[in-house]
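A quick write-up on the structure given underneath.
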Amino acid sequence: MTFLLSGIQSFSKLWKCSPCFGLSPGHSCCFFLSDYCGIRNQQRWFSLKSMSPQSTKAGNASIAKARYLRKGDEGSNKQVSSDSPHLFAAGAAKKRSQMNPQSNDQVLSPLKNISIQLPTKPLNSKEWDKLKEDFKGKANFENWISSQMAHCHSPIDVAKSLLAWVAAKNNGIVGYNLLVRYLYLCVFHKQTSEVIDVYEIMRARYKRLESGGYSLLIRGLMHSDRWREALMLLEDIKKVMTPSIKNYNDCIQGALLHQDVNTAWNLYQELLGHDLIPMLETLKAFFDFGKDIKDDHYSSKLLDILLYLRNNQLYPGESFAHSIKTWFESVPGKQWKGQFTTIQKSGQCSCCGKTMESIHLSPEEYEFLKRKIIRDVIDGGDQYKKTTPQELKRFENFVKSCPPFDIVIDGLNVAKMFPKARESQVLLDVVSQLAKQNLQLLILGRKHMLTQRFRWRKDEMEKVQKQASCFFADDISEDDPFLLYATLNSGNHCKFITKDLMRDHKACLPDIKTQRLFFKWQQGHQLAIINRFPGSKITFQHILTYDTVVQTTGDSWHIPYDEDLVERYSYEVPTKWLCLHRKT
């Protein structure tokens, strides 16, 4: 798809185009417009340049955010580290990977650093001819150079000189992809008048666009006095697809920018009606706008947003947390005071002293989760690919014949936690320490662990079997379903030990509610080993007693939030909190 181009003095006069009704541009430019269709990190393109250390760090931080999980507790185990973070603490996985460079977690290889020499000032026709002559790549030069200019956020006047050169070489014709990349630069540099010029050209030329073009125009128009036309573009998108959360975010922020509160809330409700999870910056915008609104109805809606964060286990970023704090403290006559704090291991807020909600499931939640796990993970999972119904039945009968267990141990997993130590010795050390506390233990293992060899001594395994109940499955069997079955059947008091975070089993669960209950239960029951020194006690990570979720008592709010510089994975939870309470 093409455009007719002539002249370079004024962008509004730059392209001459004749209507071409019924046509829409192809989707060849969509791959670099994905940011405007809902992908969060604005720098994630099809880069030929490696990111700088600063941009890489920022990219990793943004990717790590907008995720959600919970915390756990361990009770009163005496061999618990007092200063180490719990297994699911934000940043814990990053620290583990740094301490264990041989981790099996895959790391993406860095992009190759290919130097790109882009013009920094407008070029004339001869200079562009020379640059194209020097280009040795296989790609189309015009597409390649415009892509790199967009990636590197080249100045507007440089991009405009490229388009003028292309038009002069093609009888006034400019391709759609080049035009959209120019539009991207206009939006990035907040050149609103240029955005409007491109908008007029596209509106005259096309009856409809692809989603990337619509998204760029929506974002660009929202900062102009023609922002309501962006809402018309949103309606055009709805005719063929559900708009992205980025589209809704731009329209909501534009409505708030232009003081149209009702439109903003209506768009927010529409977004939720599509079962979309709003961007955190969308929710932040409502709080920022609310500082100047003295209206109980508006305040009630903001509190509903906090409950939405709770119900969906979403965590605001540091800037959003500051916006929440500022809004609470601005509410007249309420005397709210906010402080950034942490929660003690006892579950008490270090600021106000209130106790957080327990990590433990209610009896009803526990029975619900137990039924779901057995049905969807154990009975309905893929464990029969690695075991047999007969062996699973043998295990079920074994568990029923034993008293309830206090701790279930993934024997092979635990034995391999310290690669330099003999595996049978590691397992024996763990079992011996726990057995001294008169705990009912179950060791889940594989049959090969009973065969005498260098890393598995038969005498040590005999000592293990004297101190704990043991079930040794076939070597091809999957351990996790056995571990989950035994732990859940033993009751809510039973803990388990493995370094496996069981993300695959969470994925087997049918809905978000069950997945969240599973993680809440997991974080309250999974023990992790920190250190093992020969001749000394093994140290376990503590499990927290409270739930990491937005919570309120009416006269107080406690909101966990993400720190800007802490990289949190989806199976981790924040460790920092915003405490809001009324002054007395």
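Worth pointing out:
- Any strands (runs of 3 or more DSSP E) falling wholly within the stretch 400-502 and containing at least 3 residues that are closer than 27 Å to Gln515 by Cβ: 407-410, 495-497
- So Arg446, is it open to solvent by less than 50 Å² (accessible area, probe 1.4 Å) and of a type in the set (Lys, Arg): yes
Each row is one residue, and each column tells you yes or no for (1) surrounded by 20 or more Cβ atoms within 10 Å (Cβ to Cβ); (2) more than 18 Å from Leu233 (Cβ to Cβ); (3) in contact with a strand residue (DSSP E or B) (Cβ under 9 Å, 6 or more places away or on another chain).
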site	(1), (2), (3)
Gly254	yes, no, no
Thr263	no, no, no
Leu267	yes, no, no
Asp275	no, yes, no
Lys284	yes, yes, yes
Asp288	no, yes, no
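Every residue, every condition in (1) under 25 Å from Asp275 (Cβ atoms); (2) at pLDDT 95 or above; (3) open to solvent by 40 Å² or more (accessible area, probe 1.4 Å), yes or no:
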position: Ile218; (1), (2), (3): yes, yes, no
position: Met222; (1), (2), (3): yes, no, no
position: Arg228; (1), (2), (3): no, yes, yes
position: Thr242; (1), (2), (3): yes, yes, yes
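- Screening Ala204 against (1) in contact (Cβ under 8 Å) with a residue 60 or more places away in the chain; (2) out of contact with any Leu (no Cβ under 8 Å at 6 or more places or on another chain); (3) buried (at least 16 other Cβ atoms within 10 Å of the Cβ) leaves a single unmet condition, (3).
- Matching entry among Asn143, Asn177, Asn171 (being open to solvent by 20 Å² or more (accessible area, probe 1.4 Å), part of a loop (DSSP other than H, G, I, E, B) and either out of contact with any Phe, Trp or Tyr (no Cβ under 7 Å at 6 or more places or on another chain) or of a type in the set (Phe, Trp, Tyr) (or both)): Asn171
- For the stretch 381-400, the criterion of being of a type in the set (Gly, Ala, Ser) and either within 19 Å of Tyr561 (Cβ to Cβ) or open to solvent by 30 Å² or more (accessible area, probe 1.4 Å) (or both) is satisfied by no residue at all.
The values are calculated or read from the model by the stated rules, or taken from the named source; none is laboratory data. Computed from a prediction, not measured in an experiment: that's the story for all the values here. Glycine also receives a Cβ, built like all others from the backbone with ideal geometry; neighbour counts cover every protein chain displayed. Heads up: the accessible areas ignore ligands, DNA and RNA and are worked out on the full protein's heavy atoms, side chains in. Shrake-Rupley method; radii C 1.70, N 1.55, O 1.52, S 1.80 Å.
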